[in-house]
Amino acid sequence: MPYPKTFHQRLAGKVAIVTGAGSQGSGVGTGKAIACLFAREGASVCLVDQSRERAGETLAMILEAGGKAFVCEADVTDGDACGRVAAATVEHYGALHVLVNNVGVAGAGSRLENLDEAMWDRTIDVNLKSAFLMSRSAAPHLVAARAGAVVNVSSTAGIRSHGAAAYGSSKAALIALTRELAVMYGRDGVRANVIAPGHIFTPMVESMLDEEAKERRRKIAPLAIEGDAWDVAAAALFLASDEARFISGVCVPVDGGVTEIAALCAFEQMQR
């Protein structure tokens, strides 16, 4: 999906926090794409990342396009840091309407006897605990807005096994957490939904796949194409906007249909 060229101010007047708003390496990751698209659609955005330099690149893109944003350097696995992010956002813009929990790390695939305990803990902390801590810090402000939205970024690995126990478990739990948030805060006017990207090509994925692996991913999907960060950003924009006002607690795969294909059919498609 190319960089969007048409915008409709679908988030005009909204204030959003996007975690993991920088990209590793060159190119555009999901956090950068979401933040940039939100800003082009009228939102004022707090760009959260452990790396001020990476978030600064996103900020430059937003400011060049005439958008509003600021950088908040933080480790979102730390509860106090999450509290400071929420407070800084409200101090800058006076309110908070949207929280996007996008930050994440990939988990290495291995049998359990080869899975390091520290790696398990790190994966769960970054992919799951961070969403809990940021949601806890943002909740009072989202409730105050009476039209708040949480958009979590999970993975198809949270729906189907991808052979990575820590990563898959963290992403499945994030889907469950989203449902809990949707029910817990629904009466307060807060919606919560989750995106499950699959076979998305981003700078992080680029470092993990060779051309042969990329081609396998493309061929196995019913659409026979590979997605990118802008596809995820488009889904996040819809779920954050008022157009999705009656949608809460759902998981939206952004995967070219790959989670809906049976194994034998997928095998046959690979031969084409």
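Within the span defined as region 8-29, every residue fails to be outside any helix (DSSP H, G or I), β-branched (Val, Ile, Thr) and surrounded by fewer than 16 Cβ atoms within 10 Å (Cβ to Cβ). Number of residues in region 182-216 that are in a strand (DSSP E or B) and surrounded by fewer than 19 Cβ atoms within 10 Å (Cβ to Cβ): the value is 1. Identify all residues within region 30-54 that are surrounded by fewer than 23 Cβ atoms within 10 Å (Cβ to Cβ) and assigned to a loop (DSSP other than H, G, I, E, B); write none if there are none. Selection gives GLU41, GLY42, GLN50, SER51.
Quick one: would you say GLY168 is over 29 Å from VAL90 (Cβ atoms), part of a helix (DSSP H, G or I) and either at pLDDT below 95 or not aromatic (Phe, Trp, Tyr) (or both)?
yes
Take the conditions (1) closer than 23 Å to ALA21 by Cβ; (2) more than 13 Å from the chain's Cα centre (by Cα); LEU239 misses just one of them, which is (2). For region 179-195, the condition holds for at least one residue, the condition being that it is at pLDDT 95 or above and of a type in the set (Ser, Thr, Tyr).
Within region 108-123, is even one residue crowded, with 18+ Cβ neighbours inside 10 Å, in contact with a helix residue (DSSP H, G or I) (Cβ under 8 Å, 6 or more places away or on another chain) and of a type outside the set (S, T, N, Q)? No, the conditions are met nowhere in region 108-123.
Can you confirm whether THR77 is of a type in the set (Ser, Thr, Tyr), under 24 Å from LEU174 (Cα atoms) and either touching a residue at least 60 places away in the same chain (Cβ under 8 Å) or buried (at least 16 other Cβ atoms within 10 Å of the Cβ) (or both)? Taking the combined requirement at face value, the residue satisfies it. Here LEU63 does not qualify as in contact with a strand residue (DSSP E or B) (Cβ under 8 Å, 6 or more places away or on another chain), buried (at least 24 other Cβ atoms within 10 Å of the Cβ) and farther than 17 Å from VAL153 by Cβ. Would you point out the residue of region 217-261, among those that are acidic (Asp, Glu) and in a loop (DSSP other than H, G, I, E, B), that is surrounded by the fewest Cβ atoms within 10 Å (Cβ to Cβ)? Out of the qualifying residues, it is GLU226.
When GLU91, GLU57 are screened for being crowded, with 17+ Cβ neighbours inside 10 Å, in a helix (DSSP H, G or I) and modelled with pLDDT of 95 or more, only GLU57 passes. Please determine whether any residue of region 48-68 is under 25 Å from VAL254 (Cα atoms), among the hydroxyl-bearing types (Ser, Thr, Tyr) and in contact (Cβ under 8 Å) with a residue 60 or more places away in the chain. No, because not a single residue in region 48-68 is under 25 Å from VAL254 (Cα atoms), among the hydroxyl-bearing types (Ser, Thr, Tyr) and in contact (Cβ under 8 Å) with a residue 60 or more places away in the chain. Of the residues making up region 101-136, those that are closer than 19 Å to VAL232 by Cβ, among the aliphatic types (A, V, I, L, M) and assigned to a helix (DSSP H, G or I) are VAL126, LEU128, ALA131, MET134. Out of region 79-133, which residues are closer than 17 Å to ALA55 by Cβ and either aliphatic (A, V, I, L, M) or out of contact with any Ser or Thr (no Cβ under 9 Å at 6 or more places or on another chain) (or both)? Result: ALA81, VAL85, ALA86, ALA88, LEU99, VAL100, VAL103, VAL105, VAL126.
Residues of region 60-76 that are assigned to a loop (DSSP other than H, G, I, E, B), farther than 12 Å from GLY20 by Cα and in contact with a helix residue (DSSP H, G or I) (Cβ under 8 Å, 6 or more places away or on another chain): ALA65, GLY67. On inspection, GLU260 fails the criterion of being of a type in the set (Asp, Glu) and in contact with a helix residue (DSSP H, G or I) (Cβ under 8 Å, 6 or more places away or on another chain). Of all residues in region 146-165, those satisfying the criterion of being part of a loop (DSSP other than H, G, I, E, B), over 24 Å from ILE17 (Cβ atoms) and touching a residue at least 24 places away in the same chain (Cβ under 8 Å) are ILE159, ARG160, HIS162, GLY163, ALA164.
The values are calculated or read from the model by the stated rules, or taken from the named source; none is laboratory data. Quantities reported herein were computed from a predicted structural model and do not represent experimental measurements. Counting neighbours? That spans all protein chains shown, and the Cβs are built from the backbone with ideal geometry, glycine included.
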